[in-house]
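The values are calculated or read from the model by the stated rules, or taken from the named source; none is laboratory data. Here the structure is a predicted model, which means the values were calculated and not measured. For neighbour counting, all protein chains shown are included, and Cβ atoms are generated from backbone atoms with ideal geometry for every residue, glycine included.
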Amino acid sequence: MNEIVQQLYDRVTSLPLVCPHTHVDPRMFADPDFRFDNPAELLLIPDHYLFRMLYSQGISLERLGIPRVDGGEVERDPRKVWQLFADNFHLFRGTPSAWWLQQQLRSVFGIEEKLASESAQDIYDRIAACLAAPEFQPRRLYERFNIEVLCTTDSATDPLEQHQAICASGWKGRILPTFRPDGVVDLSASDWRRNIEALGRITGIDIGGYRAFVAAIEDRRAFFKQMGAVATDQATLTAHTEELSEAEAETLFQRALRGVATPADAARFTGHMLMEMARMSIEDGLVMQLHVGVYRNHNPLIFERFGVDKGADIPIRCEFTEDLRPLLSECGNDSRLTLIVFTLDESTYARELAPLAGHYPALKLGAPWWFHDSPNGMRRYREQVTETAGLYNTAGFNDDARVFTSIPARHDLARRVDAEWLAGLVERGIVDRGEAAEMIEDTAYRLAKRAYRL
Amino acid sequence: MNEIVQQLYDRVTSLPLVCPHTHVDPRMFADPDFRFDNPAELLLIPDHYLFRMLYSQGISLERLGIPRVDGGEVERDPRKVWQLFADNFHLFRGTPSAWWLQQQLRSVFGIEEKLASESAQDIYDRIAACLAAPEFQPRRLYERFNIEVLCTTDSATDPLEQHQAICASGWKGRILPTFRPDGVVDLSASDWRRNIEALGRITGIDIGGYRAFVAAIEDRRAFFKQMGAVATDQATLTAHTEELSEAEAETLFQRALRGVATPADAARFTGHMLMEMARMSIEDGLVMQLHVGVYRNHNPLIFERFGVDKGADIPIRCEFTEDLRPLLSECGNDSRLTLIVFTLDESTYARELAPLAGHYPALKLGAPWWFHDSPNGMRRYREQVTETAGLYNTAGFNDDARVFTSIPARHDLARRVDAEWLAGLVERGIVDRGEAAEMIEDTAYRLAKRAYRL
Amino acid sequence: MNEIVQQLYDRVTSLPLVCPHTHVDPRMFADPDFRFDNPAELLLIPDHYLFRMLYSQGISLERLGIPRVDGGEVERDPRKVWQLFADNFHLFRGTPSAWWLQQQLRSVFGIEEKLASESAQDIYDRIAACLAAPEFQPRRLYERFNIEVLCTTDSATDPLEQHQAICASGWKGRILPTFRPDGVVDLSASDWRRNIEALGRITGIDIGGYRAFVAAIEDRRAFFKQMGAVATDQATLTAHTEELSEAEAETLFQRALRGVATPADAARFTGHMLMEMARMSIEDGLVMQLHVGVYRNHNPLIFERFGVDKGADIPIRCEFTEDLRPLLSECGNDSRLTLIVFTLDESTYARELAPLAGHYPALKLGAPWWFHDSPNGMRRYREQVTETAGLYNTAGFNDDARVFTSIPARHDLARRVDAEWLAGLVERGIVDRGEAAEMIEDTAYRLAKRAYRL
């Protein structure tokens, strides 16, 4: 690191971690005695970034201990799984996964050794020893990691019992739910009718039609908000938005109830519900997150055998300028709305999203997502977004973590990359040191707090 | 700057500025006593790069003094507008707008201070004092800026009175019109029929049909050329080109006259007229500029209240390989034609435009446009275009300026970026110092002159 | 070069060259007394990278000695052609073509001078003198270049006489054919029926229908494999794959036999044959190469006058996530298949191809192709692919050479670029020196051998 990079990085190393978007299980904070099972269960099994790479080289998911949908035989010995992972750790050279893992070993578990075939069992033992110690309980780690707030992602029908338990426990950690209604909004989801029934049960509303459905959504939003939620989140295949008349919405909803909705129906209904969600956000103040453009469960064999989130989700090309226009025409000028958009199609950064975010008061651009949450990915994002949207139309960093102990490493990597980026701007005379100093604090801490109203 | 960058940059700092494409108002050169009103009117109000960013953060255009279509109340005190701008100048950190503005303050007005809340009124006073001085009249600045030639952009029906006055005045500055026929070519423009009437009036041709329309276009081209024009310019949503039979063209034209042309009709007619314009260029030698891929007036609220060019124009994805084929098949092998294409879809640089420009004699690739006329944007252009198209199939720099006093800063930034780029090529052994020295002069001066036949 | 770059580069300079994909003519190795004609015939005439650039600046292909389809008059004096090339060599500044040419002059012919108008004839003489010497016979150069294996590209109906002659000669050079069936698979090819007849003749199979066609393909694959082939290659406009029933395939095939197949028929049949070829590869072990997304013969004037491969092939936008899904669903989990995909649409690197290659065991990502086989192109590939796919889901370098003597320069450039890239990873702490050392050997040598099973 050169001197400017170091200075910028040093300014933010002790700032708290703001985690507005994670996939961490709240259960670990609800139970004060929660312990992580073992190194493989903690670090590998929940991380599809990792096991998909091993799979791509011909290592079966069964050998990696990934549970099968049918309960079929998979490797049960976490030491064997860990050894297999370590034997193939060279596959991750040059990927952020390798960096995060080594940094995690170092900063969380005090292990400086490189993960490799020879060191695998020793590292396993040392992590396992840590996990058995009380200071590695999640609540203790939350405090040690200097986390200020952590938002989970929760389905619309989730009773939020874990969050209630956390509140009731008196623990001061701030674990907030996020309202994710995909399961009840997507008419084409295989379990949609089951989800609607669950939604009816939990709200006590008889969801016989569209109007009752909207009422149930509003009911749940109110409950999530009461439980501390600051945001909603939706993941859609495209950014298509469209205003349906109530009659049209009702027709589509009824078709879905009868099990005869087409994919086109589902796409239109989702586009309409994005507009509804935006209007609800204007009313209740929940920040609206939108993740666009993933072909989920691309590999039918993996989906049938292992279910969702198994590393077989593949991005597709996206369009925002035309697709978001109905929503932005209706709600984009309203500063009460904060719509944070995430994409995996980097060609839209400079072409569509930065110009849109550089104009509409309601729109902010989310952090580089998923595959792009990496040194080059974050660098491309800064270089392609900032010149048009500025820094202050971006929503700051979020770690999107599935593995709780990876959170500090993820924030640390982002802070390093931003320090390098800003030092480059200083060196080229584009910003001065004073500006860079404020900007690094913005990217590391303030922007996320402000965008998510935390 | 390292030594090679400095050396390259120094070679071109005193070269004249060639400005083949601007949106500067020729009125300022027609009247020898023209004075700019005040700092806000000069620097902020015409620059939608600036006020759109303030708008994106919830500052209303009314408060920024942007005139309303309906003449409704807006801020009239330029000092208040300037203060509001300065109070929010941090929003531009890392954008070229900030760099251009500070460089303008420095090199045009001799102000070294940073624009900020505290310095706003002092800077306002100092600029205002400059603007009152005779040496800040546009003609004097033109000379001081070392401008060699400056092309304006003028509608097909413009009588070019300002240009005539400039000619008649005997002043030696070279201010040339550019023929921009969008208003009469785009059948879907809301004011199309009014424009056609104006075209009829100014040419004395009764435009009752397609053939008369083409004759009127040719008439105006001849007049523009006689007034010194070297180029035409068209802005289209897509690069679609298509040869219509005269009967088909006539049908579409008649439908438009009757007010029943569809958007599809308009798209086909535009595609056809691109081919016609190319043929006319082969005959009269006017260079043909084509700007592709902007969704104009994306925000209906802003359009209704403030009209066009208010920072709400958003790029869309483009296609050139198939869309330009009819035109290039017909005219692309003819060296008498120079077609300069501009895009906001950077994904087409390396994929489509560089291969096309690296093959067809008639095609040149225009400078990085609009949002991409920035340090990273210009760098990406060089890196993605040069390896395939070479330098000599590009059309050199143009500043695309709306604010006259920003012109030197815009050229200066481009020259710095090119010096850095070329120094990088020298350091990696890709070109030698002698080649880089010629190349920087080409990019800063010669390429634009050659491409625009100036 | 800094010290880390130098160290990494030095590790691989003496590694053999693995050339799994070239367009070199096997004739030069079949005849032990083969001599190259003259410098223009060797270096310029076969290289459409070069003459297209001259053409783009208005120099006719006739003056460059490119043979006309109709046998019409073209420049026959290679010295004049060479002089014209040299007079315009500045057009290649900043392109890899210039670098390759100068490096070739230096390392193959011992010429340090820069090619320019003044030096042209002297350089011509010196190259010509070399070409007359026995040590410049292709077999001797193959050995001097330290080539380990070189694969040619050969049509499905090629009798492989040259390869047979090479085998029969006892020479130890390893020149392997590659099975390229485009001419018989693409129903829309103008010479398709002629190719089918040739396929019938060479296999002795009466190709009256689809089933016989598949049998003939299988027959040829077996013959190519017997002749040492390790791979097939297909070039398609899109990546569309689709499973047809045998009845549907038969219908399309019959329509083509009757000369009434539509472009849509051809597209579907090609998509189906990609799946068939994948299945055959699972059976016979031939690696499957797929080059996607080029609009061939974009310029009708050039095509009519000079034929194919004349620098008028232009890339188009590509899609892989949806298009490859049928094939990958069927065969992507099978490690017996190696499918190597090449694209000219760089926007698919990070968005689609790296995530696909980072998941499916059968998929590898091919080297940066054609226009992107350049310093920036290779750099963009590494930066956009590696973080998601890792290094080990890429297929290593291939030189794609048309000019035999350019092969060492092409490998050398790739090795330099990779050394720079890896040094950057070391400097940023992403890999350590030991990892980088292994990775440079992988990229320079091992990955290609492994991917192509050589």
* Can you tell me which residue in segment A:297-320 is farthest from the other protein chains (Cβ to nearest Cβ), limited to those that are β-branched (Val, Ile, Thr) and touching a residue at least 60 places away in the same chain (Cβ under 8 Å)? -> A:ILE302
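Yes/no matrix, rows are residues, columns are (1) in contact with a strand residue (DSSP E or B) (Cβ under 6 Å, 6 or more places away or on another chain); (2) outside the structural domain of A:ALA249 (by TED's automatic domain parsing):
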{"position": "A:GLN121", "(1), (2)": "no, yes"}
{"position": "A:ILE147", "(1), (2)": "yes, no"}
{"position": "A:THR153", "(1), (2)": "yes, no"}
{"position": "A:SER169", "(1), (2)": "no, no"}
{"position": "A:ARG174", "(1), (2)": "yes, no"}
{"position": "A:VAL184", "(1), (2)": "no, no"}
{"position": "A:ARG194", "(1), (2)": "no, no"}
{"position": "A:GLU197", "(1), (2)": "no, no"}
{"position": "A:ALA216", "(1), (2)": "no, no"}
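So in segment B:238-253, with the set limited to residues that are part of a helix (DSSP H, G or I) and out of contact with any Gly (no Cβ under 7 Å at 6 or more places or on another chain), which one is surrounded by the fewest Cβ atoms within 10 Å (Cβ to Cβ)?
Within segment B:238-253, the subset part of a helix (DSSP H, G or I) is B:246-253.
With the extra rule that they be out of contact with any Gly (no Cβ under 7 Å at 6 or more places or on another chain), the set shrinks to B:246-249, B:251-252.
Numbers: B:GLU246: 12, B:ALA247: 8, B:GLU248: 15, B:ALA249: 21, B:THR251: 16, B:LEU252: 20.
Once the filter is applied, the top-ranked residue is B:ALA247.
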* To do: Scan segment B:12-48 residue by residue and report those that are assigned to a helix (DSSP H, G or I) and touching a strand residue (DSSP E or B) at 6+ places or on another chain (Cβ under 9 Å).
  => B:PHE29, B:ALA30
* Asked: Can you find even one residue in segment C:62-71 that is surrounded by fewer than 16 Cβ atoms within 10 Å (Cβ to Cβ) and within 22 Å of C:VAL24 (Cβ to Cβ)?
  -> yes
* Structure fact -> Among (1) farther than 19 Å from B:GLU276 by Cα; (2) more than 14 Å from chain A (Cβ to nearest Cβ), B:HIS372 falls short only on (2)
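Please specify each residue of segment B:1-58 satisfying the condition of being polar (S, T, N, Q), more than 26 Å from B:GLU148 (Cα to Cα) and surrounded by fewer than 22 Cβ atoms within 10 Å (Cβ to Cβ).
From segment B:1-58, those polar (S, T, N, Q) are B:2, B:6-7, B:13-14, B:22, B:38, B:56-57; that's our starting set.
Then keep just the ones that are more than 26 Å from B:GLU148 (Cα to Cα); that gives B:2, B:38, B:56-57.
Once the filter is applied, which keeps residues that are polar (S, T, N, Q), more than 26 Å from B:GLU148 (Cα to Cα) and surrounded by fewer than 22 Cβ atoms within 10 Å (Cβ to Cβ), segment B:1-58 yields B:ASN2, B:ASN38, B:GLN57.
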* To do: Specify the residue that is nearest to A:HIS291 (Cα to Cα); the eligible residues are those in segment A:321-342 that are among the polar types (S, T, N, Q) and either facing chain B (nearest Cβ under 10 Å) or in contact with an Asp or Glu (Cβ under 9 Å, 6 or more places away or on another chain) (or both).
  => A:THR321
* What's the number of the condition B:GLU143 fails, among (1) crowded, with 16+ Cβ neighbours inside 10 Å; (2) closer than 21 Å to B:THR22 by Cβ? -> (1)
* Starting from residues that are in contact with an Asp or Glu (Cβ under 9 Å, 6 or more places away or on another chain), touching a residue at least 60 places away in the same chain (Cβ under 8 Å) and within 30 Å of B:ARG139 (Cβ to Cβ), keep the ones in segment B:410-442 and report whichever is nearest to the other protein chains (Cβ to nearest Cβ). => B:LEU413
* Among the residues of segment B:221-228, is any aliphatic (A, V, I, L, M), crowded, with 21+ Cβ neighbours inside 10 Å and assigned by TED's automatic domain parsing to the domain that holds B:GLN289? -> no
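With B:LEU150, B:LEU141, B:LEU160 as the choices, which residue is touching a residue at least 60 places away in the same chain (Cβ under 8 Å), on the phi > 0 side of the Ramachandran plot and out of contact with any His (no Cβ under 6 Å at 6 or more places or on another chain)? It would help to see each step written out before you state the result.
Numbers: B:LEU150 fails: on the phi > 0 side of the Ramachandran plot; B:LEU141 fails: on the phi > 0 side of the Ramachandran plot.
One residue alone meets the criteria, B:LEU160.
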* Count of segment C:387-396 residues which are at the interface with another protein chain (Cβ under 9 Å from one of its Cβ atoms) and either surrounded by fewer than 23 Cβ atoms within 10 Å (Cβ to Cβ) or not in a helix (DSSP H, G or I) (or both) -> 4
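Check whether at least one residue in segment C:428-449 is among the polar types (S, T, N, Q), touching a Ser or Thr at 6+ places or on another chain (Cβ under 9 Å) and either surrounded by 21 or more Cβ atoms within 10 Å (Cβ to Cβ) or closer than 30 Å to C:ARG35 by Cα (or both), and report yes or no. If you could, list the steps in order and put the result at the bottom.
Filtering segment C:428-449 down to residues among the polar types (S, T, N, Q) leaves C:443.
Filter once more, keeping what is touching a Ser or Thr at 6+ places or on another chain (Cβ under 9 Å): C:443.
Applying the additional criterion that residues be either surrounded by 21 or more Cβ atoms within 10 Å (Cβ to Cβ) or closer than 30 Å to C:ARG35 by Cα (or both) yields C:443.
Within segment C:428-449, one or more residues are among the polar types (S, T, N, Q), touching a Ser or Thr at 6+ places or on another chain (Cβ under 9 Å) and either surrounded by 21 or more Cβ atoms within 10 Å (Cβ to Cβ) or closer than 30 Å to C:ARG35 by Cα (or both).
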* Just one of the numbered conditions (1) part of a loop (DSSP other than H, G, I, E, B); (2) hydrophobic (A, V, I, L, M, F, W, C); (3) in contact (Cβ under 8 Å) with a residue 12 or more places away in the chain is not true of C:VAL260; which one? -> (3)
* under 22 Å from the mean Cα position of the chain (by Cα), part of a helix (DSSP H, G or I) and over 19 Å from C:HIS298 (Cα atoms), is that true of B:PHE303? -> yes
* Asked: How about segment B:280-326: which of its residues are farther than 30 Å from C:GLU319 by Cβ and among the charged types (D, E, K, R)?
  -> B:GLU283, B:ASP284, B:GLU304, B:ARG305, B:ASP309, B:LYS310
* How many of the residues in segment A:110-138 are of a type in the set (Asp, Glu) and touching a residue at least 60 places away in the same chain (Cβ under 8 Å)? -> 0
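Given the options B:ALA235, B:ALA267, name the one that is more than 14 Å from chain A (Cβ to nearest Cβ), under 28 Å from the mean Cα position of the chain (by Cα), part of a helix (DSSP H, G or I) and of a type in the set (Gly, Ala, Ser).
Values: B:ALA235 fails: part of a helix (DSSP H, G or I).
Sole residue among the options that is more than 14 Å from chain A (Cβ to nearest Cβ), under 28 Å from the mean Cα position of the chain (by Cα), part of a helix (DSSP H, G or I) and of a type in the set (Gly, Ala, Ser): B:ALA267.
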* Asked: Has segment A:345-360 got any residue that is under 22 Å from A:LEU17 (Cβ atoms) and either out of contact with any strand residue (DSSP E or B) (no Cβ under 9 Å at 6 or more places or on another chain) or away from every other protein chain (no Cβ under 13 Å) (or both)?
  -> no
* Among the residues of segment C:80-114 satisfying the criterion of being of a type in the set (A, V, I, L, M) and within 12 Å of chain B (Cβ to nearest Cβ), which is farthest from C:ASN376 (Cα to Cα)? -> C:LEU91
* Asked: What tally of residues in segment C:278-315 results from selecting those that are within 13 Å of C:THR338 (Cα to Cα) and out of contact with any Ser or Thr (no Cβ under 6 Å at 6 or more places or on another chain)?
  -> 10
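Condition check ((1) under 26 Å from the mean Cα position of the chain (by Cα); (2) of a type in the set (A, V, I, L, M, F, W, C); (3) in the same structural domain as A:PHE397 (by TED's automatic domain parsing)) across all residues:
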{"residue": "A:THR13", "(1), (2), (3)": "yes, no, yes"}
{"residue": "A:HIS23", "(1), (2), (3)": "yes, no, yes"}
{"residue": "A:ALA40", "(1), (2), (3)": "yes, yes, no"}
{"residue": "A:PHE51", "(1), (2), (3)": "yes, yes, no"}
{"residue": "A:ASP77", "(1), (2), (3)": "no, no, no"}
{"residue": "A:PHE85", "(1), (2), (3)": "yes, yes, no"}
{"residue": "A:ASN88", "(1), (2), (3)": "no, no, no"}
* **Test: residue in segment A:96-107 that is surrounded by 17 or more Cβ atoms within 10 Å (Cβ to Cβ) and either touching a His at 6+ places or on another chain (Cβ under 8 Å) or without any contact (Cβ under 8 Å) to a residue 12 or more places away in the chain (or both)** => yes
* For segment C:277-296, state whether one or more residues are aliphatic (A, V, I, L, M), within 14 Å of chain A (Cβ to nearest Cβ) and in contact (Cβ under 8 Å) with a residue 60 or more places away in the chain. => no
* Asked: What number goes with the only condition from (1) part of a helix (DSSP H, G or I); (2) away from every other protein chain (no Cβ under 14 Å) that A:TYR9 does not pass?
  -> (2)
